[in-house]
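Asks: Submitted below is the structure of interest, expressed as structure tokens.
All of the numbers you see were taken from the coordinates with simple rules; none came from a lab. Because the structure is predicted, anything quoted here is derived from the model rather than measured. Note that we place each Cβ from the backbone using ideal geometry, even for glycine, and neighbour counts take in every protein chain shown.
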Amino acid sequence: MASIEFVNVTKEFDKKEIIKDLNLKIEDGTFTVLVGPSGCGKTTLLRMIAGIGPQTSGAVLIDGKDVTDIAPGKRGVAMVFQNYAIYPTMSVRENIEFGLKNNKVKKAERTELVESISAAVGLTDFLDRKPSTLSGGQRQRIALARAMVKKPSVFLMDEPLSNLDAKLRAQMRIDLIELHKKLGTTFVYVTHDQVEAMSMADTIVLMNQGLIQQEAPPETIYHEPSNIFVAQFIGVPPMNIDELGVGGVKFGFRPESAIGSTEAGTTPFSIRGEVVTREMLGSETLYKINYKDTSFMIKSLEDRFTVNQQVYVSVPTEKMYFFGEDGNRIPTSHPSYSSYIEALRSY
Amino acid sequence: MSRGKLWEKLRPYVMIGPAMIGIGLFVIYPLFYLIYLSLFKFNLMNRNMSKFVGLDNYIQILGRQDFYKSLTNTVVYTAGVVILTLALSLLIAVWLSKRTRVNAIVQAGIFTPHIISIVSVSLIWLWMMEPSLGFLNYILKGLGLPTSQWLQSSKSAMMSIIIVSVWQAIGYYTLILVAALQGVSPTIYEAAALDNASKVKVFRKITLPLISPQLFFILIIMTIGSFKVFDTVKIMTGGGPNNATNTLVYYIYSYRTTNIGYAAAAGVVLMIIIGILTIIYFRLMAKKVHYQ
Ligand SMILES: Nc1ncnc2c1ncn2[C@@H]1O[C@H](COP(=O)(O)OP(=O)(O)OP(=O)(O)O)[C@@H](O)[C@H]1O
Ligand SMILES: [Mg+2]
């Protein structure tokens with residue numbers, strides 16, 4: 001049980017600032033998911049919490065205490081590494097047991113823990129094998145088991161499910177959510193998978209180039225993105241964005257908010273374009289619609305249009321977003337908000 | 001058509017032909033000739049006077065005190081060199097495995113003896129180990145430590161030769177071990193740090209197993225090499241004083257003109273000993289070595 005706090009943390013590699021003056025508080029017992037494009041500093045952040053890649057300046061607090069001088073093994077932190085970092089010369093059992101042995105856990109208790117955890121991750125049949133004889137997904141589960149078995153107060157996971165097949169991943173996702181409920185410990189979880197982020201997180205922290213773009217619950221991130229980057233990062237396909245033509249303001253709408261129809265719509269944003277591609281994904285269909293010199297993606301639950309067909313696309317006003325020149329979202333309370341809505345009519 | 005087929009069959013043999021001729025000429029033929037010689041009382045002046053004596057030479061070897069003396073010397077030498085070289089090069093390698101400028105220079109420094117001819121190395125040490133005027137005793141005296149007779153006493157001669165061999169070998173094996181250590185992924189050490197492993201534990205449970213293939217390689221190569229030691233002995237002591245440094249190969253060498261058959265038989269015995277040792281190593285160690 002522990003909260004984590006970053007206070008004005010900066011991290012440099014070879015004089016290059018990767019994390020700039022970062023402030024972040026992760027509440028005790030929450031499930032926080034870190035997302036962001038590759039290379040934005042997610043792993044770097046986790047390593048600072050673990051103490052294996054200390055910050056250049058600033059402080060990392062665990063439970064309100066500055067942990068700069070506390071050894072990684074004494075922080076009550078367990079980590080699942082992005083590249084697993086399994087001990088190649090030890091058997092699966094020895095890998096899982098290693099931390100327990102170092103913490104002087106009694107043999108009987110150790111055996112019981114190892115057996116129960118390995119059953120939970122489906123490794124029971126492999127306990128006496130060497131990691132080199134296992135598949136990528138099985139190795140990833142060793143890494144998970146090795147962290148889980150230590151009952152840490154902070155759980156750091158760096159894309160722990162990336163190499164599992166879809167079915168096992170869905171299963172492990174549920175297992176991890178349950179584990180979090182059961183243990184009530186603080187989870188910090190890195191992923192590229194939006195489904196994982198949205199389904200597991202209490203709080204999503206979205207980073208880009210070492211800066212936090214938004215820190216909010218999944219619903220908020222989705223419905224009230226704080227800027228263009230967040231709006232386009234979350235959601236598949238990303239939000240459609242284009243120039244409004246008024247004072248550098250941009251407008252945007254999500255593909256799933258658009259309504260495609262063969263008759264003209266009545267909302268301020270209503271255009272007529274041509275279907276150029278159609279992707280049937282099973283329960284839903286994606287269309288790419290060409291309009292003037294740009295194109296929009298729309299997502300529809302029905303599969304009604306064909307390629308080259310002329311269709312009308314309209315978007316309900318409450319599902320329209322506007323972004324200022326600096327990229328930040330313009331709130332509905334903004335004085336010019338209604339004028340931007342009107343400007344859509346002449347788009 | 002059939003010519004094509006014939007060529008198809010012959011081609012691999014033609015391809016390996018040159019190499020096989022080389023091996024046959026320079027490895028297999030000498031080996032069998034050595035065994036052949038060992039069965040004769042050989043006369044260098046007149047080959048026709050040579051006499052087939054069967055296993056007589058071998059029976060003689062196994063019954064002679066001086067053979068056992070040189071065998072014991074060889075074992076002592078080998079044990080000393082192998083253990084010291086392994087321990088020291090491992091120690092230095094751990095120290096040098098951090099990539100810094102200074103370490104690169106130090107590493108180049110300790111590698112240098114390896115590129116100097118062992119003859120020169122031996123001569124320099126011969127001079128440094130001279131009891132009354134040599135550099136080593138000068139230093140020892142300066143530090144107020146007891147001096148040594150080095151090569152001139154049967155008590156310290158073997159130790160002196162071991163020191164020279166270790167000094168010469170260490171740089172090369174350190175290089176191999178440094179490469180092995182640097183090949184270990186740093187995240188494994190980070191994982192161990194998070195698992196609260198002590199330094200000693202990390203070294204014993206993670207580092208050592210990971211570099212065990214290289215350690216095993218060094219063990220085998222050094223054992224075989226040390227069993228065949230010759231040049232240092234020849235130059236520094238000539239087997240003396242009082243046979244204290246007479247090793248197997250030097251023993252064989254000393255019979256090169258007087259009794260070729262006997263020397264050949266000793267050579268065969270040496271080969272068998274090394275063969276057996278290697279097999280034992282593989283049997284004993286195979287389980288402890290982690291190939292990835
Ligand atoms: N040891 C290092 N030396 C130099 N630069 C580094 C080092 N580790 C990370 N970096 C740099 O820091 C930046 C952030 O790296 P980090 O590993 O935190 O990214 P990430 O968000 O985890 O990306 P990914 O999603 O691809 O894992 C990258 O630009 C990377 O090149
Ligand atoms: Mg990463």
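Asks: Helix A:107-121 against the longest principal axis of chain A: what's the angle in degrees, Cα atoms only, rounded to the nearest 10?
Replies: Long axis of A:107-121 versus the principal axis of chain A: about 20 degrees.
Asks: What fraction of the DSSP beta bridges in the protein assembly as shown is antiparallel, stated in percent and rounded to the nearest 5?
Replies: So the antiparallel bridges amount to about 75 percent of the total.
Asks: Let me ask something else. What is the sum of charges, Lys and Arg at +1 and Asp and Glu at -1, for the other residues whose Cβ falls under 10 Å from the Cβ of B:V249?
Replies: Charge balance near B:V249 sits at +1.
Asks: I need the calculated FRET efficiency for the pair A:T111 and A:M280, taking r as the beta carbon distance and R₀ as 56 Å, to the nearest 0.05.
Replies: Using R0 = 56 Å, I get an efficiency of 0.60.
Asks: Based only on other Cβ atoms within 10 Å, what is the fewest-to-most ordering of B:M128, A:M320?
Replies: Final ranking by Cβ density, sparse to dense: B:M128, A:M320.
Asks: Once phi is turned into ³J(HN,Hα) by the Karplus curve 6.51 cos²θ - 1.76 cosθ + 1.60 with θ = phi - 60°, what whole-Hz value does each residue of the stretch A:182-199 show in order, with x for glycine and proline?
Replies: 5, 7, x, 8, 7, 10, 10, 10, 9, 8, 9, 8, 5, 4, 4, 4, 5, 7
Asks: Decide, for the stretch B:56-288, between rounded, prolate and oblate: order the square roots of the alpha carbon gyration tensor eigenvalues as a ≥ b ≥ c, take rounded if a/c falls under 1.5, and otherwise choose prolate if a/b is larger than b/c, else oblate.
Replies: Judged from the Cα gyration tensor, the stretch B:56-288 comes out oblate (a/c at least 1.5, b/c at or above a/b).
Asks: Placing +1 at every Lys and Arg Cβ and -1 at every Asp and Glu Cβ, with all other atoms neutral, what dipole size does the protein assembly as shown have around its Cα centre, in debye to the nearest 20?
Replies: 3800
Asks: A follow-up question, please. Using Cα positions and a limit of under 28 Å, work out the lysines in reach of A:K292, with same-chain residues fewer than 8 apart set aside.
Replies: Reachable lysines: A:K250, A:K319.
Asks: What ranking do A:E284, A:E256, A:E109 get, fewest neighbouring Cβ atoms within 10 angstrom at the top?
Replies: Working: A:E284 14, A:E256 17, A:E109 10.
Least to most surrounded, the residues fall as A:E109, A:E284, A:E256.
Asks: Okay, next question. When chain A is modelled as a GNM with alpha-carbon springs shorter than 10 Å, which of A:L144, A:L183, A:L22 fluctuates the most?
Replies: Largest GNM mean-square fluctuation: A:L183.
Asks: Please list, or write none, the aspartates and glutamates whose alpha carbon is within less than 20 Å of the alpha carbon of B:K234, excluding same-chain residues fewer than 8 places away.
Replies: B:D66, B:E130
Asks: Moving on. Just name one of A:M198, A:L176, A:V92: the one whose Cα is farthest towards the positive end of the charge dipole of the stretch A:4-223 (beta-carbon charges, Lys/Arg +1, Asp/Glu -1).
Replies: So the residue furthest toward the plus end is A:V92.
Asks: Pairs A:K130/B:K201; A:K42/A:K130; A:K151/B:K199; A:K42/B:K201: which are spaced more than 26 Å apart, C-alpha to C-alpha?
Replies: Cα-Cα > 26 Å for A:K42/A:K130; A:K42/B:K201; rest within.
Asks: Net charge within 13 Å of A:A264 by Cβ-Cβ distance, Lys/Arg positive one each and Asp/Glu negative one each, not counting A:A264 itself?
Replies: With Lys, Arg at +1 and Asp, Glu at -1, the net is +1.
Asks: Next question. Let me have the relative contact order for chain A, percent, based on Cα pairs under 8 Å that are six or more residues apart.
Replies: Relative CO of chain A lands at 16 percent.
Asks: State, in angstrom, two size descriptors of the stretch A:245-346 derived from its alpha carbons: Rg to one decimal place and Dmax to the nearest whole number.
Replies: Looking at the stretch A:245-346, its Cα Rg and Dmax stand at 14.3, 43 Å.
Asks: Moving to a separate point now. Treat every Asp and Glu Cβ in the stretch A:4-223 as -1 and every Lys and Arg Cβ as +1, leave all other atoms uncharged, and give the resulting dipole magnitude about the Cα centre to the nearest 20 debye.
Replies: On the way: 28 positive and 27 negative charges, 160 e Å.
About 780 debye.
Asks: Counting pairs of alpha carbon atoms under 8 Å apart in space and at least six apart in sequence, what relative contact order in percent does chain B give? Please list the in-between numbers first.
Replies: Numbers: 304 pairs, mean separation 82.7, N = 292.
With pairs under 8 Å counted, the relative contact order is 28 percent.
Asks: A further question follows. Only sites in a loop by DSSP and with at most 13 other Cβ atoms within 10 Å count here; which trypsin sites (Lys or Arg not before Pro) in the stretch A:1-71 make the cut?
Replies: Passing sites in the stretch A:1-71 are A:K15.
Asks: Here's a follow-up. With θ taken as phi - 60° and the coefficients 6.51, -1.76 and 1.60, list the Karplus ³J(HN,Hα) couplings across the stretch B:83-98 in order, rounded to whole Hz; mark glycine and proline as x.
Replies: 5, 5, 4, 4, 5, 5, 5, 5, 4, 5, 5, 4, 5, 8, 6, 6
Asks: Right, something else. To the nearest whole number, what is the average tally of beta carbon atoms from other chains within 10 Å of the beta carbons of peptide A:94-101?
Replies: Taking all residues of A:94-101 together, the mean is 3.
Asks: Still on this structure, please answer the following. List the residues whose amide H sits under 5 Å from the amide H of A:T30, counting only those 5 or more places along or on another chain, with H placed 1.01 Å from N in the peptide plane.
Replies: It is A:F187, by chain and number.
Asks: I would also like to ask the following. Which one, B:G239, B:I279, B:I260, projects farthest toward the positive side of the charge dipole computed for the stretch B:56-288 from Cβ point charges (K/R +1, D/E -1)?
Replies: Farthest along the dipole direction, towards plus: B:I279.
Asks: Now, a different point. Evaluate peptide A:80-88: per residue, the Cβ atoms of other protein chains within 10 Å of its Cβ; return the mean as an integer.
Replies: Rounded to a whole number, the mean comes out at 5.
Asks: By count of other Cβ within 10 Å, fewest leading, how are A:S295, A:S283, A:S118, A:S338 ordered?
Replies: A:S283, A:S338, A:S295, A:S118
Asks: What does the net charge come to around A:G137 if you take all other residues with beta carbon closer than 10 Å to its beta carbon, with K and R at +1 and D and E at -1?
Replies: +2
Asks: Another question about this same structure. Quick one: 3J(HN,Hα) in Hz for the stretch A:45-50, Karplus 6.51/-1.76/1.60 with θ = phi - 60°, rounded, Gly and Pro as x.
Replies: Values, residue by residue: 5, 4, 5, 5, 5, 6 Hz.
Asks: Separate question: Taking 18 Å as the cut-off for C-alpha to C-alpha distance, list the pairs among A:K107/B:K288; A:K74/B:K98; A:K74/A:K101; A:K101/B:K205 that go past it.
Replies: A:K107/B:K288; A:K74/B:K98
Asks: Taking the dipole about the Cα centre of the stretch A:4-223, with the C-beta of Lys and Arg at +1 and of Asp and Glu at -1, give me whichever of A:Q138, A:Q55, A:F155 is farthest to the positive side.
Replies: Going by the Cα projections, it comes out as A:Q138.
Asks: What FRET efficiency would be calculated for the residue pair B:Y36, B:V289, taking the C-beta separation as r and a Förster radius of 45 Å, to the nearest 0.05?
Replies: 0.75
Asks: Normalised by the residues of the stretch A:161-246, what does the relative contact order come to in percent, with Cα pairs under 8 Å and at least six apart?
Replies: 15
Asks: Just tell me how shielded B:196-205 is by partners: mean number of partner chain Cβ atoms within 10 Å of each residue's Cβ, no decimals.
Replies: Counting other chains' Cβ atoms within 10 Å and averaging over B:196-205 gives 3.
Asks: Still on this structure, please answer the following. Among DSSP beta bridges lying fully in the stretch A:4-223, give the percent that are antiparallel, nearest 5. Intermediate results must be reported in sequence, preceding the final value.
Replies: Working: 20 of 37 bridges.
Roughly 55 percent of the beta bridges in the stretch A:4-223 run antiparallel, per DSSP.
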